[in-house]
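Since every read-out is calculated from the coordinates, none of them should be taken as a lab result. Note that the structure is predicted; figures quoted are calculated from it, not measured. Counting neighbours? That spans all protein chains shown, and the Cβs are built from the backbone with ideal geometry, glycine included.
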Amino acid sequence: MTVERSAVVTGAASPRGIGRATALLLASQGWDIGLLDIDLDGCRALAEEITDKHNVKAYAVAADVSNEAQVRTAIDELEAALPPLAALANIAGVSSPVPYLELTSDEWHRVININLNGVHYVTRRVAESMVRHNYGRIVSVSSTSAQLGGGTYSKTPYSVAKAGVIGLTRALARELGPYGITVNAVAPGPIDTDIMGGPLTPDRREAMITDLLVNRLGQPQDVATAIAFLLSEDSAYITGHTLNTDGGLYMH
């Protein structure tokens, strides 16, 4: 990159998560990094690690992505502390293994609010800044669960929210394209993170691998690489797309 630009990464604090892997990869590519997570201590520790390792700016803020007021305040703070916001990786999310017939209203709203409304709240605020610069890259994390109707650790509200992310991605690609902004999604399959339901037992791991075309589960780095590509200059002609990063679990 010829100018200083910042990438905002949500959900970055989990030690084994896609957000952390993405933030570290982007920093290694020269991006300044804005970290947003509900866990401020974890976020600050990662910001310090990024600054030490990669000689770029990193700044951490806390927000519950399902709270629009918190999100707007947090991004205002990031924007004041960093170079122009040119990229956004919407990674914050929660799992939900509750069967449909046992689902409470509270659980339904919790999952939709974090996994879909949260993506909207963060994107809406960051897009306001991108439009002013006539440039932006937005990537949100969906899931093969959206395409398969579940079949993963998480069930119905998760699948609904992640399907909503794909619809939001396509609609925003249309609306924001005239401002030089591309909007894409990635749809991971089984990735070895805590959101999959904690550490995987050998039996569960083997059962998951049998559904794949590659002989292993995905790692956070696999998804981070896909996100980083879609946030790069090289992806300028790709928008409204959902890139499956799933070891061949879902082919269409």
Check: Across segment 70-82, in residue order, what do the Karplus-derived ³J(HN,Hα) couplings come to in whole Hz, using 6.51 cos²θ - 1.76 cosθ + 1.60 with θ = phi - 60° and x for Gly and Pro?
Finding: 4, 4, 5, 4, 5, 6, 4, 5, 4, 5, 5, 8, 10
Item checked: Residues with amide H under 5 Å from that of residue 184, placed H, sequence gap 5 or more -> 138, 139, 140, 240
Note to self: From Cα pairs below 8 angstrom and at least 6 apart in sequence, can you work out the relative contact order of segment 98-164, rounded to a whole percent?
What the structure shows: 41 percent
Note to self: Pick from 115, 184, 67 the residue whose mean-square fluctuation is largest in a GNM of the chain, springs joining Cα atoms under 10 Å.
What the structure shows: 67
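Using only alpha-carbon positions, what ratio does the radius of gyration of the chain give when scaled by 2.2 N^0.38 Å? Working shown, then result.
On the way: Rg = 17.1 Å, N = 252, 2.2 N^0.38 = 18.0 Å.
Here the answer is 0.95, to two decimals.
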Check: Taking springs between alpha-carbon atoms closer than 10 angstrom, which of 44, 20, 132 fluctuates most in the Gaussian network model of the chain?
Finding: 132
Notebook entry, point to check: In whole angstrom, how far apart do the alpha carbon centroids of segment 14-65 and segment 178-252 sit?
Noted result: 20 Å
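May I ask you to derive the FRET efficiency for residue 212 and residue 39 from their Cβ-Cβ distance with R0 = 30 Å, giving the value to the nearest 0.05? Let's see the in-between values first.
Details: r = 31 Å, r/R0 = 1.03.
Efficiency at R0 = 30 Å is approximately 0.45.
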Check: What percent do you get for the relative contact order of segment 1-115 when only Cα pairs under 8 Å and 6+ apart count?
Finding: 29 percent
Check: Summing -39500 (n - 2.57) over the DSSP H runs of n ≥ 4 in the chain and dividing by its residue number, what mean residue ellipticity at 222 nm do you reach, to the nearest 500 deg cm²/dmol?
Finding: -13500 deg cm²/dmol
Item checked: Note, ³J(HN,Hα) from phi for segment 106-111, Karplus 6.51, -1.76, 1.60, rounded to Hz, x at Gly and Pro -> 4, 5, 4, 5, 4, 6
Notebook entry, point to check: Tell me, what is the percent relative contact order of segment 6-245, built from C-alpha pairs under 8 Å that lie six or more residues apart?
Noted result: 20 percent
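Taking square-rooted eigenvalues a ≥ b ≥ c of the alpha carbon gyration tensor, is segment 145-252 rounded, prolate or oblate, where a/c under 1.5 means rounded and, failing that, a/b exceeding b/c means prolate?
Details: a/c = 2.51, a/b = 1.76, b/c = 1.42.
Taking the square roots of the gyration eigenvalues as a ≥ b ≥ c, segment 145-252 is prolate.
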